[in-house]
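To start, the structure under review is shown below, and the notes come after it.
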Ligand SMILES: *Cc1c(COP(=O)(O)O)cnc(C)c1O
């Protein structure tokens, strides 16, 4: 026993101090725990596309199955992305999910003695990517649950190498305007990498989207990350990417595992990228589902944070000064509805609910009503 403890202490203190990522509860786990039928469970906990994988992507995966003995080749996906985005192939770095490229940014630019700046209530992978390198986290207090860009600029130190920004942000759903972000990028010191994480970009109304890819030409320190896990419906396959200047991409590629994106993920992403019908239908479903959830919350007297993503973060009223969100989360589970508690994001009174199919949203609202009135 003490041998194993001694062994663990060989791991750097900054690794041992990492708080593990808490994923949304899987349907299979809840079914096992409560003896429920998996089909009766509604999971609105991980911002997945409730419509599932696009039929074109599924067909591409099936067609690629016989080729699994071969190592993957990211060329076709990189080319498809470069054509769609209007950048060169040398500006794209593929990731095993966009988490992977966020880690690459940390690996390429952070080390003990450096710091990274990000916001309170920001995505959980930023602290992970920072701490895993032994770098220091500078967490800037949020403003109205969103990024306080002025305070983030002021927080940048001479040892700061990376700033992480999610736009829209998860788990709050807040959005920065293009003018705000552009002004921030203009004023950021040129020797600080700014990672703009656009996992929910495709859920923004087109007129609200930032010209972030075009900005890569203007701001050499900008890395834009995107994912196929959300609107593209491929969370289980793990594929995302970064767009940046070729010199930065070259650094990210040095720390990237050579075959980090698998064959099935590559073919599915190529197919999903051009499945315009699936994208449009997913976007429209989200708009309708958001309206449904907002109307339901209004009816129940539940407050929310205005959201620009495929999820809504609601505030569970306190009782006698005590937070009720954890208890409400547990009661929703017993009714077969999985949402996301946010205590780990410094939001102990909030729950995040992913926008699902109309009937799933209705199940959530019914269950929430039952729990709040019970
Ligand atoms: C979901 C999400 C991601 C994407 O994660 P993947 O690794 O691509 O599945 C990245 N950033 C934010 C803010 C997210 O919410």
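The condition of being within 14 Å of the ligand (Cβ to nearest atom) and either surrounded by fewer than 19 Cβ atoms within 10 Å (Cβ to Cβ) or outside the structural domain of residue 110 (by TED's automatic domain parsing) (or both) holds for only one of 240, 236, that being 236.
Where helices (runs of 4 or more DSSP H) fall entirely within region 31-145, those with at least 3 residues that are within 16 Å of the ligand (Cβ to nearest atom) and within 21 Å of residue 188 (Cα to Cα) are at 98-109, 125-131.
Of the residues in region 164-183, not one is more than 12 Å from the ligand (Cβ to nearest atom), touching a strand residue (DSSP E or B) at 6+ places or on another chain (Cβ under 6 Å) and either modelled with pLDDT of 95 or more or within 24 Å of residue 339 (Cα to Cα) (or both).
Against the criterion of being in contact (Cβ under 8 Å) with a residue 12 or more places away in the chain, touching a strand residue (DSSP E or B) at 6+ places or on another chain (Cβ under 9 Å) and in the same structural domain as residue 161 (by TED's automatic domain parsing), residue 259 does not qualify.
When residue 288 is tested against the conditions (1) surrounded by fewer than 16 Cβ atoms within 10 Å (Cβ to Cβ); (2) under 21 Å from residue 229 (Cβ atoms); (3) in contact (Cβ under 8 Å) with a residue 24 or more places away in the chain, the lone failure is (2).
If we scan region 270-282, do we find a residue that is outside any helix (DSSP H, G or I), over 30 Å from residue 368 (Cα atoms) and within 16 Å of the ligand (Cβ to nearest atom)? Within region 270-282, not a single residue is outside any helix (DSSP H, G or I), over 30 Å from residue 368 (Cα atoms) and within 16 Å of the ligand (Cβ to nearest atom). Does region 39-52 contain at least one residue that is modelled with pLDDT under 95 and out of contact with any helix residue (DSSP H, G or I) (no Cβ under 8 Å at 6 or more places or on another chain)? So far as region 39-52 goes, yes, one or more of its residues are modelled with pLDDT under 95 and out of contact with any helix residue (DSSP H, G or I) (no Cβ under 8 Å at 6 or more places or on another chain).
The condition (being under 27 Å from residue 234 (Cα atoms) and in contact with a helix residue (DSSP H, G or I) (Cβ under 6 Å, 6 or more places away or on another chain)) is satisfied by just one residue among 287, 270, 261, 328: 270.
The set of residues from region 306-335 being surrounded by fewer than 23 Cβ atoms within 10 Å (Cβ to Cβ), under 23 Å from residue 21 (Cα atoms) and either within 16 Å of the ligand (Cβ to nearest atom) or touching a residue at least 60 places away in the same chain (Cβ under 8 Å) (or both) comprises just one member, 333. Among the conditions (1) within 23 Å of the chain's Cα centre (by Cα); (2) assigned to a loop (DSSP other than H, G, I, E, B); (3) surrounded by 16 or more Cβ atoms within 10 Å (Cβ to Cβ), residue 23 misses just one, which is (3).
The values are calculated or read from the model by the stated rules, or taken from the named source; none is laboratory data. Not measured: the values here are computed from a predicted model. Counting neighbours? That spans all protein chains shown, and the Cβs are built from the backbone with ideal geometry, glycine included.
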